[in-house]
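Peer 1: Okay, handing you the structure first.
The values are calculated or read from the model by the stated rules, or taken from the named source; none is laboratory data. Since the structure is predicted, the reported quantities are computational estimates derived from the model, not experimental observations. No Cβ is skipped: glycine too gets one built from the backbone with ideal geometry, and neighbour counts run over all protein chains shown.
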Amino acid sequence: MLRHLPFVVKNTLRNKRRTLLTVFSLAASLCLLGVLMALYRSFFQSDPPEHQAHRLIVRNRVSLANPLLRSYLPLIRKVPGVQEAIIYQFFAGSYKDNKPSESFARFAVEPGQLFRIFPEFRLGEQEKQAFLQDRTGAIVGIRTARQLGMHLGDRITLKGDIIPVDMELVIRGIFHAGTAEDESLYFHYDYLNESLQPAERDRIGAFMVRIDRPDNATAVIRGIDHQFRNAPLRTKTETEKAFQLAFLAFLGNVKVFLLSISAAVTFTILLVTGNTMSMAVRERTRGVGVLKALGFPPRLILGLLVAEALLISLAGGLLGLGLASLLCGVLRNAPAVGADFSQLIVPPSILVIGLGVSLIIGLVSSLLPACAAARRPILEALRVND
């Protein structure tokens with residue numbers, strides 16, 4: 001069959017416009033399919049990064065809207081397997097004009113323990129010490145700093161809504177983590193707590209916990225929740241990745257959504273390719289008859305026709321998966337909205353699956369028309385279009 005490869009390539013280019021349109025339609029579909037598979041793997045199948053696998057989040061068992069008490073913190077730190085735990089209070093509100101482009105996550109924390117919880121934060125020692133020593137100081141991720149034009153020493157105001165206070169902060173450091181945290185801002189919890197009315201103080205939305213080993217997470221989760229099983233405010237402890245997926249679940253059943261679209265895309269590719277191959281074989285009926293007259297056996301003719309479809313499918317698959325890799329790169333650098341795309345890639349396993357899907361589609365779509373053409377009698381094929 002390899003010696004007939006130039007003949008196969010030449011036949012695929014008989015109608016260049018149709019071939020190119022077929023390749024591009026396959027590429028667009030495989031690009032979408034590749035991105036969807038990468039998203040599904042990133043959300044539901046991949047292991048969290050090393051730094052994230054060591055972190056748990058403790059919140060109220062009912063919902064995040066129900067706070068816990070600050071007095072829970074020392075009890076959490078005593079649970080076996082817990083290396084460190086800090087207050088992790090999300091500060092809802094607005095910055096400047098509250099435009100979508102000015103939106104970023106902001107948290108009130110205990111600065112002294114923050115860098116033990118997030119060892120991936122890269123920050124100059126001078127900036128770190130300035131942040132620790134200034135109760136109004138804040139550190140901001142490099143993405144947010146660049147997007148909003150923040151610089152060291154800038155004074156900013158965060159206007160609270162759920163928490164009815166405004167935070168006057170000074171940017172003391174700009175850190176780089178290489179994750180979605182690069183879009184976050186951190187400031188002193190004590191500064192926030194002292195700004196509240198006495199009745200509103202020491203109420204915590206969540207605690208961030210760092211554990212000794214990722215494989216010890218289940219035991220630590222049980223230990224923390226067991227500690228407060230009889231407390232008025234019971235806790236729910238989960239991994240950081242599970243916590244992020246809980247936010248993603250607000251969009252609906254994302255798993256079924258991704259699988260449904262992937263199935264629909266695959267079915268659509270099959271229809272498009274099948275229609276294209278049927279037209280290509282019908283146009284070449286006389287050519288098939290000539291090949292039979294020249295002594296080409298039906299099995300070889302069948303192989304040539306299927307090889308053309310496989311070649312077109314392979315070209316579309318390679319182009320589409322290449323575009324999927326580029327699109328995942330764009331998403332990695334895009335703002336994180338409800339999910340962390342900083343680790344989104346198209347791994348080799350998805351590339352292999354995508355190419356396999358493209359070849360299977362080429363085979364299935366071409367097999368029936370190619371078999372019909374290969375079995376057609378010579379005289380009937382030569383009489384077509386006479």
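Peer 1: What are the residues in region 181-205 that are closer than 30 Å to residue 80 by Cβ and crowded, with 20+ Cβ neighbours inside 10 Å, if any?
Peer 2: 181, 184, 186, 188, 189, 204, 205
Peer 1: Among residues belonging to region 67-113 that are of a type in the set (Asp, Glu) and out of contact with any Lys or Arg (no Cβ under 6 Å at 6 or more places or on another chain), point out the one that is farthest from residue 204 (Cα to Cα).
Peer 2: Step one: list which residues in region 67-113 are of a type in the set (Asp, Glu), which gives 84, 97, 102, 110.
Now narrow it down to the ones that are out of contact with any Lys or Arg (no Cβ under 6 Å at 6 or more places or on another chain): 97, 110.
On the way: 97: 27, 110: 12 Å.
Among residues in region 67-113 that are of a type in the set (Asp, Glu) and out of contact with any Lys or Arg (no Cβ under 6 Å at 6 or more places or on another chain), the one farthest from residue 204 (Cα to Cα) is 97.
Peer 1: Given the condition among the hydrophobic types (A, V, I, L, M, F, W, C), at pLDDT 80 or above, within 30 Å of residue 174 (Cβ to Cβ) and not in a strand (DSSP E or B), answer yes or no: does some residue in region 14-24 qualify?
Peer 2: First, pick out the residues of region 14-24 that are among the hydrophobic types (A, V, I, L, M, F, W, C): 20-21, 23-24.
Next cut, at pLDDT 80 or above only: 20-21, 23-24.
Among the residues that remain, those that are also within 30 Å of residue 174 (Cβ to Cβ) are: none.
Checked region 14-24: no residue is among the hydrophobic types (A, V, I, L, M, F, W, C), at pLDDT 80 or above, within 30 Å of residue 174 (Cβ to Cβ) and not in a strand (DSSP E or B).
Rundown of residues vs (1) out of contact with any Cys (no Cβ under 7 Å at 6 or more places or on another chain); (2) within 28 Å of residue 123 (Cβ to Cβ); (3) charged (D, E, K, R), yes/no style:
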site: 150; (1), (2), (3): yes, yes, no
site: 163; (1), (2), (3): yes, yes, no
site: 168; (1), (2), (3): yes, yes, yes
site: 180; (1), (2), (3): yes, yes, no
site: 203; (1), (2), (3): yes, no, yes
site: 207; (1), (2), (3): yes, yes, no
site: 221; (1), (2), (3): yes, no, no
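Peer 1: Go through region 42-73 and count every residue that is within 30 Å of residue 360 (Cα to Cα) and either hydroxyl-bearing (Ser, Thr, Tyr) or surrounded by fewer than 17 Cβ atoms within 10 Å (Cβ to Cβ) (or both). Full working, then the answer.
Peer 2: Quick first cut of region 42-73, residues within 30 Å of residue 360 (Cα to Cα) only: 42-47.
Adding the requirement that they be either hydroxyl-bearing (Ser, Thr, Tyr) or surrounded by fewer than 17 Cβ atoms within 10 Å (Cβ to Cβ) (or both) leaves 42, 44-47.
Here the count works out to 5.
Peer 1: Restricted to region 159-173, and to residues that are buried (at least 20 other Cβ atoms within 10 Å of the Cβ) and among the aliphatic types (A, V, I, L, M), which residue is modelled with the lowest pLDDT?
Peer 2: Quick first cut of region 159-173, residues buried (at least 20 other Cβ atoms within 10 Å of the Cβ) only: 163, 167, 169, 171-173.
Subset that is among the aliphatic types (A, V, I, L, M): 163, 167, 169, 171.
Working: 163: 84, 167: 91, 169: 94, 171: 95.
Once the filter is applied, the top-ranked residue is 163.
Peer 1: Are any of the residues in region 234-253 assigned to a loop (DSSP other than H, G, I, E, B), modelled with pLDDT of 80 or more and of a type outside the set (Ser, Thr, Tyr)? Spell out how you get there, then give the answer.
Peer 2: We begin by selecting, within region 234-253, every residue assigned to a loop (DSSP other than H, G, I, E, B); these are 234, 252-253.
Still in the running and modelled with pLDDT of 80 or more: 234.
Okay, now just the ones that are also of a type outside the set (Ser, Thr, Tyr), so 234.
Yes: region 234-253 contains one or more residues that are assigned to a loop (DSSP other than H, G, I, E, B), modelled with pLDDT of 80 or more and of a type outside the set (Ser, Thr, Tyr).
Peer 1: Can you find, within region 90-108, the residue that is farthest from residue 147 (Cα to Cα) among those that are surrounded by 17 or more Cβ atoms within 10 Å (Cβ to Cβ) and in contact with a helix residue (DSSP H, G or I) (Cβ under 6 Å, 6 or more places away or on another chain)? Talk me through it step by step, then tell me what you get.
Peer 2: Narrowing region 90-108 to residues surrounded by 17 or more Cβ atoms within 10 Å (Cβ to Cβ): 91, 93, 95, 104, 106-108.
Subset that is in contact with a helix residue (DSSP H, G or I) (Cβ under 6 Å, 6 or more places away or on another chain): 95, 104, 108.
Details: 95: 13, 104: 10, 108: 21 Å.
For region 90-108, the residue satisfying everything is 108.
Peer 1: Then there's this: Could you look through region 99-148, keep only residues that are of a type in the set (Phe, Trp, Tyr) and within 30 Å of residue 213 (Cβ to Cβ), and pick out the one that is farthest from the chain's Cα centre (by Cα)?
Peer 2: In the first step, residues of region 99-148 are kept if they are of a type in the set (Phe, Trp, Tyr); the result is 104, 107, 115, 118, 121, 131.
With within 30 Å of residue 213 (Cβ to Cβ) added as a condition, the list becomes 107, 115, 118, 121, 131.
On the way: 107: 23, 115: 26, 118: 21, 121: 22, 131: 32 Å.
Here the answer is 131.
Peer 1: A further question follows. Check off (1) in a helix (DSSP H, G or I); (2) of a type outside the set (Gly, Ala, Ser); (3) outside the structural domain of residue 217 (by TED's automatic domain parsing) for residue 57 and give me the number that stays unchecked.
Peer 2: Single failed check for residue 57: (1).
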